[in-house]
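Undergrad: Following this message is one structure expressed as structure tokens.
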Amino acid sequence: MEKIDILSLDFEELTEKILEMGEKKFRAKQIFDWLHVKKVTDFEQMSNLSAQFRAELSEKFCINRLNIKKRLVSKIDNTVKYLYGLPDGEAVESVLMDYKHGAALCVSTQVGCKMGCKFCASTLAGWVRNLEPSEMLGQMYESERDSGKTLDSIVLMGIGEPLDNFDNVMKFLKILEESGFSLRRVSLSTCGVVDKIYDLAKLKLGVTLSVSLHAATDAKRSEIMPINKKFPLKQLMTACDDYFAATGRRISFEYSLIEGVNDDESSAKELIALLGGKNCHINLIPINEVRERGFKKSPYVERFQRFLTNAGLNATVRRTLGADINAACGQLRRDSKDE
Ligand code: SAH
């Protein structure tokens, strides 16, 4: 019989399984604590459980781990990029960033991506499967073990579209919250899967929603982001307004500047027309050049920011981290497939 992936069980599910084994309820709390607070990797380390019970646990459950296939450390800013091997031999990447206020991890949610954004490396090697909750938690726990740091925040901005793996991502967040990690410290980034934005709003989790916009007219956006053909801007904006109304959480819009595509004055005006007057934040990102994509970094990032701030919009330029270690999401996995 295949063992149960214990790290993917939320507290209620774990409790049910422990009761089925004829144990008391408080044992479930102890085990959950060992797994998600003390973050042990072996049942033998659960020292307040009897040897007999530990043996039964390891018969029934497994504690899945990710293995570090590659670790790249930036010489510029200490950013660490991990390529993690998964139990079935696939791989995803995570990026550990060092900010003044603490360590942040960029977490992957799928092996590959179906969304097909034209500038993104994650789509290049194809979509393979969704990640399990344990594989998202594993990226956090292994990064903490390897670096000796405690994560202050996470962003779901690695490989994959989190809202295209909705159930597993929600379970992952539930377990995180049950372990004591406030969901206020989580940002979830989406290319704009509108129906799922409504579902997320209903859960009122307190996560920050980041929406990858990159263009402010349907014509331009559909050209670089196929999802826009399914959910055009009007629908996306209504969903964003609903999210803000339901949660009171200000939305963050990502806008990667690509030379000659979305970085001129008329693009700025379109963006101002779309977002002016909304309570939101705009994150301007100098695009990460991906070999196969042919898009170039815009030289006009500061100018573009000025257009927006002069119009009263709240726009900041994201600092580039790990520029020397290929930190654009999806590049490491794709490179490792080439090897
Ligand atoms: N699928 C989600 C999350 C993963 S991508 C989403 O689309 O939001 C995380 C962010 O990186 C998104 O804003 C995405 O549009 C952006 N991105 C992808 N490739 C990029 C590149 N080459 N340069 C800059 N940003 C990129």
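Taken together, the values in this text are just the output of simple stated rules run on the coordinates, not laboratory data. It should be emphasised that the depicted structure is a prediction, and the values quoted were computed from it without experimental measurement. As a convention, Cβ positions derive from the backbone with ideal geometry for all residues, glycine included, and neighbour counts pool all protein chains shown.
Undergrad: Would you mind getting the Kirkwood hydrodynamic radius of region 186-252 from its Cα pairs, rounded to one decimal in Å?
TA: It works out to 11.9 Å.
Undergrad: Once you compute Rg and the Kirkwood Rh from C-alpha atoms, what is the Rg to Rh ratio for the chain?
TA: Radius of gyration relative to Kirkwood radius: 1.00.
Undergrad: How about region 1-94: which GluC sites (Glu not before Pro) there lie in a loop by DSSP and see at most 10 other Cβ atoms within 10 Å?
TA: Within region 1-94, the qualifying GluC sites (Glu not before Pro) (loop, at most 10 other Cβ atoms within 10 Å) are E2.
Undergrad: Now for a separate question. How far, in nm, would the chain grow between A55 and K204 when pulled straight, counting 0.36 nm per residue and subtracting the alpha carbon separation?
TA: Length gained between A55 and K204: 49.7 nm.
Undergrad: Looking at the chain as a GNM with Cα springs under 10 Å, which of I76, I154, I272 has the largest mean-square fluctuation?
TA: Maximum fluctuation in the GNM of the chain, among the listed residues, is at I76.
Undergrad: Could you work out the equivalent-ellipsoid semi-axes for region 4-62, taking the square root of 5 times each eigenvalue of the Cα gyration tensor, largest first, in whole Å?
TA: For region 4-62, the semi-axes come out at 14, 13, 11 Å.
Undergrad: How far, in degrees from 0 to 90, does helix 25-36 lean away from the longest principal axis of the Cα atoms of the chain, to the nearest 10?
TA: 50 degrees
Undergrad: Would you mind counting up the charge near L213? Only other residues with Cβ under 10 Å from its Cβ, with Lys and Arg at +1 and Asp and Glu at -1.
TA: 0
Undergrad: What is the angle, in °, between the Cα long axis of helix 11-20 and the longest principal axis of the Cα atoms in the chain? Nearest 10 is fine, range 0 to 90.
TA: 20 degrees
Undergrad: Say we join alpha carbon atoms closer than 10 Å with springs in a Gaussian network model of the chain; which of L19, L124, L156 then has the biggest fluctuation?
TA: L19
Undergrad: I've got another one for you. Calculate the radius of gyration of the Cα atoms of region 45-173 to one decimal place, then report Dmax, the largest Cα-Cα distance, as a whole number, both in Å.
TA: Both quantities, over Cα of region 45-173: 16.2, 55 Å.
Undergrad: Just add up the charged neighbours of M1: K/R +1, D/E -1, any other residue whose Cβ is under 12 Å from the Cβ of M1.
TA: That works out to 0.
Undergrad: Short version: ³J(HN,Hα) in whole Hz for each residue of region 238-254, in order, from phi by Karplus 6.51 cos²θ - 1.76 cosθ + 1.60 (θ = phi - 60°), x for Gly and Pro, what are they?
TA: Each residue of region 238-254 in turn: 5, 5, 5, 4, 5, 4, 5, 5, 6, 10, x, 9, 5, 8, 10, 9, 8 Hz.
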